[in-house]
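Written below as structure tokens is the structure these notes are about.
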Amino acid sequence: MKQQAPQSGEWLVVCLCAAWCGTCKQYQQPFEALASQFPQMRFVWLDVEDREDVAGDLDIETFPSVLVAQGSKARFLGPVLPQAQVLARMLQALPDDPAARPADAAEAQQLLARVQAAQDLDEVLR
């Protein structure tokens, strides 16, 4: 399913991974299962090497890393433990924490803008 234009306030969860990463391969199925648990959020799996046009010069040192945004505002960008329940707890908590923002907000906002501008990203199927 191709990505649709973002709606105001809509939650977006992007897993930033690489095809060569064994941890990412193991994490993909649990990440896809989370898409079913959180149908109010859009989930995207982004291979940072295949989609350098979207990832840009983002320097990811730890996989998996995740971008979480609400509408046009990045709320989190960073590595997560490759356990679905860790991301699930974060996704449950973020809506109740309006002050949450990434450590490097400018980098997260730039990545979010590139993700939202890319019209050909595959959403995780539910």
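Answer yes if at least one residue in the stretch 28-37 is under 27 Å from ALA106 (Cα atoms), of a type in the set (A, V, I, L, M, F, W, C) and not in a helix (DSSP H, G or I), and no otherwise.
No, the stretch 28-37 contains no residue that is under 27 Å from ALA106 (Cα atoms), of a type in the set (A, V, I, L, M, F, W, C) and not in a helix (DSSP H, G or I).
Report yes if GLU107 is more than 15 Å from GLY9 (Cα to Cα), surrounded by fewer than 16 Cβ atoms within 10 Å (Cβ to Cβ) and charged (D, E, K, R), otherwise no.
Criteria not met by GLU107.
With respect to ARG75, determine if the residue is within 11 Å of the chain's Cα centre (by Cα), within 12 Å of VAL13 (Cα to Cα), in contact (Cβ under 8 Å) with a residue 40 or more places away in the chain and surrounded by 15 or more Cβ atoms within 10 Å (Cβ to Cβ).
Judged against the criteria, ARG75 is not a match.
Filter the stretch 39-59 down to the residues that are more than 13 Å from the chain's Cα centre (by Cα) and either in contact (Cβ under 8 Å) with a residue 40 or more places away in the chain or farther than 23 Å from LEU91 by Cα (or both) and list them by number.
PRO39, GLU49, ASP50, ARG51, GLU52, ASP53, GLY56, ASP57, LEU58, ASP59
Contact list please: Cβ distance under 8 Å, first residue in the stretch 85-98 and on the phi < 0 side of the Ramachandran plot, second residue among the charged types (D, E, K, R) and surrounded by 15 or more Cβ atoms within 10 Å (Cβ to Cβ), pairs at least six apart or on different chains.
Pairs that qualify, where the first residue is on the phi < 0 side of the Ramachandran plot and the partner is among the charged types (D, E, K, R) and surrounded by 15 or more Cβ atoms within 10 Å (Cβ to Cβ), are LEU94/ARG75.
Could you tell me which of the residues LEU58, LEU46, LEU91 is out of contact with any Phe, Trp or Tyr (no Cβ under 7 Å at 6 or more places or on another chain) and either over 21 Å from GLN28 (Cα atoms) or not in a loop (DSSP other than H, G, I, E, B) (or both)?
Result: LEU46 is the single residue among LEU58, LEU46, LEU91 that is out of contact with any Phe, Trp or Tyr (no Cβ under 7 Å at 6 or more places or on another chain) and either over 21 Å from GLN28 (Cα atoms) or not in a loop (DSSP other than H, G, I, E, B) (or both).
Are any of the residues in the stretch 86-103 closer than 24 Å to GLN119 by Cα, surrounded by fewer than 16 Cβ atoms within 10 Å (Cβ to Cβ) and out of contact with any His (no Cβ under 8 Å at 6 or more places or on another chain)?
Checking the stretch 86-103: not a single residue is closer than 24 Å to GLN119 by Cα, surrounded by fewer than 16 Cβ atoms within 10 Å (Cβ to Cβ) and out of contact with any His (no Cβ under 8 Å at 6 or more places or on another chain).
Give the stretch 12-27 a look and list any residue that's over 12 Å from the mean Cα position of the chain (by Cα) and either in a loop (DSSP other than H, G, I, E, B) or within 23 Å of GLN92 (Cα to Cα) (or both), or say none.
Hits for the stretch 12-27 are ALA18, ALA19, TRP20, CYS21, CYS24, GLN26, TYR27.
Answer yes or no as to whether PRO82 is closer than 15 Å to VAL14 by Cα, modelled with pLDDT under 95 and assigned to a loop (DSSP other than H, G, I, E, B).
Taking the combined requirement at face value, the residue satisfies it.
The values are calculated or read from the model by the stated rules, or taken from the named source; none is laboratory data. Here the structure is a predicted model, which is why all the values come from computation and not from measurement. Backbone-built Cβ (ideal geometry, glycine too); neighbour counts: all protein chains shown.
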